[in-house]
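Below is one structure, written out as structure tokens, with a few remarks after it.
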Amino acid sequence: MIRDRFRIYREVQVRTAQGRLTAGILIALPIMMLLILTALNPKYVGVLFTDPNGPIVLAIAAIMQVIGSAILWKIIHFEV
């Protein structure tokens, strides 16, 4: 019984590995793109920090990122 439970747990870990990798990439992508765009063309991203609406847009994006990350976390982590 215990061996079967560990076997099932390992199978779930293997089958959710792709989901975990995808979630990690999707979570890191907006931050990495912001850093890359800042390095390549600071004026393009600078509007987010100089325009009065920029912080609002960044806050909304951060909130959506957190919500999306929580949903992805819930999808790829479940009880066996």
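Each value in this text was obtained by applying a stated rule to the coordinates, not by laboratory testing. If you're wondering where the values come from, they're calculated on a predicted model, not measured in any experiment. For neighbour counting, all protein chains shown are included, and Cβ atoms are generated from backbone atoms with ideal geometry for every residue, glycine included.
Computed from backbone phi with θ = phi - 60° and the Karplus coefficients 6.51, -1.76 and 1.60, the 3J(HN,Hα) list for the stretch 4-15 is 4, 5, 5, 5, 5, 4, 5, 4, 5, 4, 5, 6 Hz; x is used for glycine and proline.
From the residues Ile60, Leu37, Ile8, which one has its Cα farthest along the dipole of the stretch 2-76 in the positive direction, the dipole being from +1 and -1 charges on Cβ of Lys/Arg and Asp/Glu about the Cα centre? So the residue furthest toward the plus end is Ile8.
Rounded to the nearest 10 degrees, the inclination of helix 17-40 to the longest alpha-carbon principal axis of the chain is 10 degrees. When you work out D = kT/(6 pi eta Rh) for the chain at 10 °C and 1.306 mPa s, using the Kirkwood radius from C-alpha pairs as Rh and the Stokes-Einstein form, the result is 104 µm²/s.
For the chain, a crude dipole built from +1 on the beta carbon of Lys and Arg and -1 on the beta carbon of Asp and Glu, taken about the Cα centre, is about 400 debye to the nearest 20.
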